Amino acid sequence: MPAAANPRLPVVASITQSLGYCIDRARTLLVLVLPFLVLQYVLVQFTKPSFEYLPILMWQYWLVVGISLLMGVVVAVSIHRQFLQSPERQMPIRWGRAETRYAWAMLKLTLILILPVVFYVLIVVGLLAAAFSNWNIETFSVEQPLLALPVIWFCVLPIWYLWVRMTLVLPSAAIDQQPAVGISDSMELTSGNGWRMVAVTAGPLFAGGMLDTLLQVSIPPAIYWWLQPLLTCAMTVLGVVLVSVSFKQLYNANPVQPESTEGHPA
């Protein structure tokens with residue numbers, strides 16, 4: 001476990017380094033993310049005809065969603081490994097032990113956050129309903145999307161804070177870091193940097209979300225539906241790189257120590 005005080009995570013430098021890495025290796029990353037991009041275009045075919053329904057009853061939709069999630073894991077692991085271990089090597093597109101570890105880590109984080117998310121959503125919705133008696137979430141989000149997105153992001157910041165405090169387990173799982181970074185280790189490694197982690201990881205993604213919303217309301221739908229999957233993939237790649245950059249700086253400055261052997265003979 002970390003023994004010394006954690007250094008402050010440089011917010012601007014971390015974001016700049018992440019953006020620079022994505023720009024410098026745009027061609028390599030595009031090749032890596034291409035299968036995921038194709039799946040995003042397939043998902044668009046289910047959702048672009050209308051916003052009045054979601055294809056939740058169509059098994060084909062959920063099949064594509066499942067495959068897309070698995071491909072997202074493959075892409076994330078490959079980017080973590082390329083950034084943290086082999087910058088000059090093109091990572092293969094495959095499913096192996098690293099992808100299984102990563103998917104298991106994602107599942108554990110999701111299960112840990114289920115109850116806090118449910119209670120938090122109920123509290124937020126109740127407060128909004130009490131503050132605005134005629135508040136209509138559907139009308140609000142559709143008719144005022146540029147206002148709705150900042151409000152939504154502001155509301156999810158506490159949950160995002162919990163997520164980023166634990167999220168260093170993901171790059172550790174991707175590269176098979178030894179000793180592995182567990183959830184408690186991640187909490188200690190990010191101690192004192194929780195809101196800096198939020199700024200590093202959420203800031204660029206929020207800007208991407210605002211750009212997506214702006215494009216949606218300002219350009220013809222036929223053009224938007226071609227651009228939206230590209231933006232989704234770009235934000236996915238950037239999000240993974242942002243976590244990798246944060247992990248590299250925080251872990252290298254204060255690495256996790258092996259479990260104590262105190263009390264055992266040498």
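The values are calculated or read from the model by the stated rules, or taken from the named source; none is laboratory data. The structure presented is a predicted model; accordingly, all values stated were derived computationally and were not measured. Methodologically, a virtual Cβ is constructed for each residue, glycine included, from the backbone with ideal geometry; neighbour enumeration extends over all protein chains shown. Only protein heavy atoms, including side chains, enter the accessible area calculation; ligands, DNA and RNA are left aside. Shrake-Rupley method; radii C 1.70, N 1.55, O 1.52, S 1.80 Å.
Key figures for this structure:
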quantity	calculated
Neighbours by Cβ (under 8 Å, 6+ apart or cross-chain): first from segment 164-191, farther than 20 Å from GLY203 by Cα; second open to solvent by 40 Å² or more (accessible area, probe 1.4 Å) and of a type in the set (Val, Ile, Thr)	VAL169/ILE183; ILE183/ILE112
Considering residues of segment 201-224 that are touching a residue at least 40 places away in the same chain (Cβ under 8 Å), among the small types (Gly, Ala, Ser) and within 17 Å of GLN17 (Cα to Cα) only, the residue most open to solvent (accessible area, probe 1.4 Å)	GLY203
Conditions (1) hydrophobic (A, V, I, L, M, F, W, C); (2) assigned to a loop (DSSP other than H, G, I, E, B); (3) open to solvent by less than 20 Å² (accessible area, probe 1.4 Å): number failed by VAL198	(2)
Flag for THR232 being hydroxyl-bearing (Ser, Thr, Tyr), open to solvent by 10 Å² or more (accessible area, probe 1.4 Å) and at pLDDT below 85	no
Considering residues of segment 57-86 that are closer than 16 Å to LEU242 by Cα and of a type in the set (Val, Ile, Thr) only, the residue surrounded by the most Cβ atoms within 10 Å (Cβ to Cβ)	ILE79
Restricting segment 169-195 to residues that are assigned to a loop (DSSP other than H, G, I, E, B) and under 22 Å from ARG81 (Cβ atoms), the residue that is most open to solvent (accessible area, probe 1.4 Å)	GLN178
Some residue of segment 87-97 being open to solvent by 80 Å² or more (accessible area, probe 1.4 Å), part of a helix (DSSP H, G or I) and farther than 22 Å from LEU238 by Cβ	yes
